Amino acid sequence: MLAFIDCFIEEPVHNCFNQFILKSKIPATYHMASQFGLESLTNISEATTGYIILGSASNLDQNLPWHRPLAEFVDHQLNLNKPTLGICFGHQLMASFYGCEVGYITPEKEYFKEIREIVFQKDFTQFKKNQKIKLAYAHEQGVTKLSHHFEIMAKSERSSFECIRHRSLPLISTQAHPEASASFIRDNIKGHVPEQVINFGHEFIMSFLKEYKVLSQ
């Protein structure tokens, strides 16, 4: 069973969770760790086979009380061989925990709300090296320096660390929002967004599940 961890500050993204579950028919649970702590996660950790850490309006330099405990919980689960996908803030949280540097993408601290094209540097299930896809983005920070624990999976013109993978733990993460629902994109990104962007995001998450055999454990 898959567990989604929502790290929201103001508005939960249950619509993104619902869209994915309705489309994939995958058994999953939903947890609001940023608001209600880790109890719901620890209560079902034995039955959970993988985790997806969602985004947040918070930044790591705020050092909120739930940041470190969540990273430590996920680290423990990773060392129990529970595959994890970090998304946006979830990407930054775990990358920082394992020694990467996280900061603003531009000196102007620009907040990006956009569709961005990424290029895979390695094969990732159905995505092949040099393949290009477009995904949704909504944040002002990202990974700015990689630690030796990670390898680069995808780049863009904006960042060399759009998608990274841990070398020894079952962790992959991305600055993008592959879970983005139509309403999330409508609220965060101006202009028309092709349905293909949502489909690419769904395929990205499914690639994570297949790569690490999350649902067969």
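Things to note:
- Residue satisfying all of: in region 43-75; among the polar types (S, T, N, Q) and more than 19 Å from PRO170 (Cβ to Cβ); surrounded by the most Cβ atoms within 10 Å (Cβ to Cβ) among these: SER56
- Only listed residue being among the hydroxyl-bearing types (Ser, Thr, Tyr) and closer than 26 Å to LYS213 by Cβ, chosen from THR106, THR125: THR125
- Residue in region 162-181 that is without any contact (Cβ under 8 Å) to a residue 60 or more places away in the chain, small (Gly, Ala, Ser) and in contact with a His (Cβ under 9 Å, 6 or more places away or on another chain) present: yes
- Residue check for LEU78: out of contact with any helix residue (DSSP H, G or I) (no Cβ under 6 Å at 6 or more places or on another chain) and within 17 Å of PRO170 (Cβ to Cβ): yes
- Screening the candidates LEU22, LEU54, LEU41 for the property of being free of Cβ contacts under 8 Å to residues at least 40 places away in the same chain and touching a helix residue (DSSP H, G or I) at 6+ places or on another chain (Cβ under 7 Å) yields one hit, LEU41.
- The listed residue being hydroxyl-bearing (Ser, Thr, Tyr) and over 18 Å from the mean Cα position of the chain (by Cα), out of THR42, THR49: THR42
Each row is one residue, and each column tells you yes or no for (1) aliphatic (A, V, I, L, M); (2) surrounded by fewer than 22 Cβ atoms within 10 Å (Cβ to Cβ); (3) within 14 Å of SER160 (Cβ to Cβ).
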site: THR84; (1), (2), (3): no, no, no
site: PHE89; (1), (2), (3): no, no, no
site: GLN92; (1), (2), (3): no, no, no
site: LYS109; (1), (2), (3): no, yes, no
site: LYS113; (1), (2), (3): no, yes, no
site: LYS122; (1), (2), (3): no, yes, yes
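For (1) of a type in the set (A, V, I, L, M); (2) in contact with a Lys or Arg (Cβ under 9 Å, 6 or more places away or on another chain); (3) buried (at least 17 other Cβ atoms within 10 Å of the Cβ), each residue gets a yes or a no:
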| site | (1), (2), (3) |
| --- | --- |
| LEU135 | yes, yes, yes |
| GLU157 | no, yes, no |
| LEU169 | yes, no, yes |
| HIS177 | no, no, yes |
| PHE200 | no, yes, yes |
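- Counting the residues of region 74-90 that are over 16 Å from the mean Cα position of the chain (by Cα) and in contact (Cβ under 8 Å) with a residue 40 or more places away in the chain gives 2.
Rule-based calculations on the coordinates, nothing more; no lab input. These figures come from a predicted structure and were not determined experimentally. Neighbour counts run over all protein chains shown; Cβ positions are idealised from the backbone, glycine included.
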